[in-house]
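A.B. asks: Sharing a structure below in structure tokens format, with a few things to ask.
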Amino acid sequence: MKSVVLLALAGAASAHYTFPALISGGTTSADWEYVRDWTGSYTYNPVEDVSSLNIRCNVDGSTNSAGTLSVAAGSEIGFTASPNIYHPGPVLAYLAKVPSGQTAATWDGSGDVWFKIYEDGPSGLGTQLVWPSNSASTVGFTIPAATPDGDYLLRVEHIALHVAQSSGAAQFYLSCAQITVTGGGSGTPGPLVAFPGAYSASDAGILININYPVPTSYTPPGPAVWSG
């Protein structure tokens, strides 16, 4: 009986995933070296309640800490997905600047401080949706060149929409990393949002049937992307 239960748990986990490591300058860090480990990360389970504190940096991720990686503004940065991204849906990335007097290792990411630096969407609108992250083992994006220097939390998120036609059923796979931006500019990032607070369970990019009829448009939730 025990083996049957273990097999069932393994099957459930195989459809789930997490983002444990950073990729910068062609180098992949160790798992949870610069990414905040979260309670239960070994389960790969998603967050489903957008009003929960877990939507910020995953379970206990707001208070956990990791190492901090120096990253040049204007450079590419990425996360590994473990295992590969399994479900259909968009990838989004946010930054939040650490307040004066604190560090990336000590800050919880609270307040209207998060700005979006990346989002993607599907091709095949109206016919058959194809998402850029389908089966991907990594995701990546650019730190805007105008990002001011300093410590930041970097939040990556994949929203799984395979059963999102029911309220509260969209699945959020997310992690927060700690970085120091160097060589940056004098931009004013925005719009700024809070987690929780940025999303509602009824947002059109969250509560959606992507299967039938196939949507003819799709807009990810949250603010507009700040490109610097």
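A.B. asks: Quick one: how many residues across segment 72-103 are farther than 29 Å from A170 by Cα and touching a Ser or Thr at 6+ places or on another chain (Cβ under 6 Å)?
C.D. replies: Count: 2.
A.B. asks: Out of segment 137-170, which residues are surrounded by fewer than 22 Cβ atoms within 10 Å (Cβ to Cβ), within 21 Å of D203 (Cβ to Cβ) and not β-branched (V, I, T)?
C.D. replies: H162, Q165, S166, S167, G168, A169 - these are the residues of segment 137-170 that are surrounded by fewer than 22 Cβ atoms within 10 Å (Cβ to Cβ), within 21 Å of D203 (Cβ to Cβ) and not β-branched (V, I, T).
A.B. asks: How many residues are among the polar types (S, T, N, Q) and under 17 Å from V47 (Cβ atoms) if we restrict to segment 147-170? Give the derivation first.
C.D. replies: Narrowing segment 147-170 to residues among the polar types (S, T, N, Q): 147, 165-167.
Add one more test, that the residue is under 17 Å from V47 (Cβ atoms), and what stays is 166-167.
Within segment 147-170, residues that are among the polar types (S, T, N, Q) and under 17 Å from V47 (Cβ atoms) number 2.
A.B. asks: Tally time: how many residues in segment 122-165 are aromatic (F, W, Y) and out of contact with any Pro (no Cβ under 6 Å at 6 or more places or on another chain)?
C.D. replies: Residues that pass the stated criteria total 2.
A.B. asks: Report whether or not G222 is in contact with a Lys or Arg (Cβ under 7 Å, 6 or more places away or on another chain), at pLDDT 95 or above and part of a loop (DSSP other than H, G, I, E, B).
C.D. replies: Details: in contact with a Lys or Arg (Cβ under 7 Å, 6 or more places away or on another chain): yes; at pLDDT 95 or above: yes; part of a loop (DSSP other than H, G, I, E, B): yes.
So G222 fits the description; yes.
Listed here are the residues, each with its yes/no results for (1) touching a helix residue (DSSP H, G or I) at 6+ places or on another chain (Cβ under 8 Å); (2) without any contact (Cβ under 8 Å) to a residue 40 or more places away in the chain; (3) more than 30 Å from D60 (Cβ to Cβ).
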| site | (1), (2), (3) |
| --- | --- |
| G121 | no, no, yes |
| Q128 | no, no, yes |
| T138 | no, no, no |
| V163 | no, yes, no |
| V193 | no, no, no |
| G205 | no, no, no |
| G222 | no, no, no |
| W226 | no, no, no |
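A.B. asks: Across segment 171-196, which residue is nearest to G40 (Cα to Cα) among those that are assigned to a strand (DSSP E or B) and of a type in the set (S, T, N, Q)? It would help to see each step written out before you state the result.
C.D. replies: Of the residues in segment 171-196, the ones assigned to a strand (DSSP E or B) are 171-182, 193.
With the extra rule that they be of a type in the set (S, T, N, Q), the set shrinks to 171, 175, 178, 180, 182.
Values: Q171: 16, S175: 12, Q178: 20, T180: 27, T182: 33 Å.
Checking each candidate, the answer is S175.
A.B. asks: Within segment 74-92, count every residue that is of a type in the set (G, A, S) and buried (at least 24 other Cβ atoms within 10 Å of the Cβ). So that I can check it myself, show each step before the final result.
C.D. replies: To start, the set of residues in segment 74-92 that are of a type in the set (G, A, S) comprises 74-75, 78, 81-82, 89.
Checking which are buried (at least 24 other Cβ atoms within 10 Å of the Cβ) leaves us with 81, 89.
Matching residues across segment 74-92 total 2.
A.B. asks: Quick one: is G74 closer than 24 Å to E33 by Cα, without any contact (Cβ under 8 Å) to a residue 12 or more places away in the chain and out of contact with any strand residue (DSSP E or B) (no Cβ under 6 Å at 6 or more places or on another chain)?
C.D. replies: On the way: closer than 24 Å to E33 by Cα: yes; without any contact (Cβ under 8 Å) to a residue 12 or more places away in the chain: no; out of contact with any strand residue (DSSP E or B) (no Cβ under 6 Å at 6 or more places or on another chain): yes.
Judged against the criteria, G74 is not a match.
A.B. asks: Here's a check for you: in segment 22-48, which residue that is among the polar types (S, T, N, Q) and assigned to a loop (DSSP other than H, G, I, E, B) is farthest from F141 (Cα to Cα)? Walk me through it before giving the result.
C.D. replies: Taking segment 22-48 and keeping what is among the polar types (S, T, N, Q), we get 24, 27-29, 39, 41, 43, 45.
Subset that is assigned to a loop (DSSP other than H, G, I, E, B): 29, 39, 45.
Details: S29: 16, T39: 26, N45: 24 Å.
Ranking the qualifying residues of segment 22-48, first place goes to T39.
The values are calculated or read from the model by the stated rules, or taken from the named source; none is laboratory data. Everything numeric here is computed off the predicted structure, so don't read it as measured data. All Cβ positions, glycine included, derive from the backbone under ideal geometry; neighbour counts span all protein chains shown.
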